[in-house]
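Visitor: Quick one: the structure is below, and I'll ask about it shortly.
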């Protein structure tokens with residue numbers, strides 16, 4: 001079926017659609033250092049908390065008490081932050 005003529009307003013509105021070219025952009029790869037640092041942060045945080053409980057709240061840093069838990073969970077939180085950037 002033949003295409004009917006478009007009005008001038010419609011032609012101007014559709015003119016930009018022909019100029020737009022869709023380019024498929026490949027997702028960017030994450031840096032090589034990201035995965036090892038992420039896993040290390042998870043393990044350091046886990047190790048920190050385990051040492052805190054095994055030594056009956058005496059170590060890894062004596063004298064700060066339950067703040068050792070905050071430090072351990074901070075390492076784990078940092079690992080999760082890096083995990084969101086991993087592709």
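Since every read-out is calculated from the coordinates, none of them should be taken as a lab result. Please read all numbers here as calculations on a predicted model, not as lab measurements. So basically every Cβ, Gly included, is an ideal-geometry build from the backbone, and we count neighbours across all protein chains shown.
Visitor: Taking a ≥ b ≥ c as the square roots of the eigenvalues of the Cα gyration tensor of the range 24-83, is the shape rounded (a/c under 1.5), prolate (a/b larger than b/c) or oblate?
Guide: Judged from the Cα gyration tensor, the range 24-83 comes out prolate (a/c at least 1.5, a/b above b/c).
Visitor: How high is the relative contact order of the range 24-83, in percent, with contacts defined as C-alpha pairs under 8 Å that are six or more residues apart? Walk me through the numbers on the way to the answer.
Guide: Details: 53 pairs, mean separation 26.7, N = 60.
Computed over the range 24-83, the figure is 44 percent.
Visitor: At what distance in nm do the modelled label points of residue 64 and residue 43 sit from each other, each positioned 7 Å from its Cα along Cα→Cβ?
Guide: Distance between label points: 2.2 nm.
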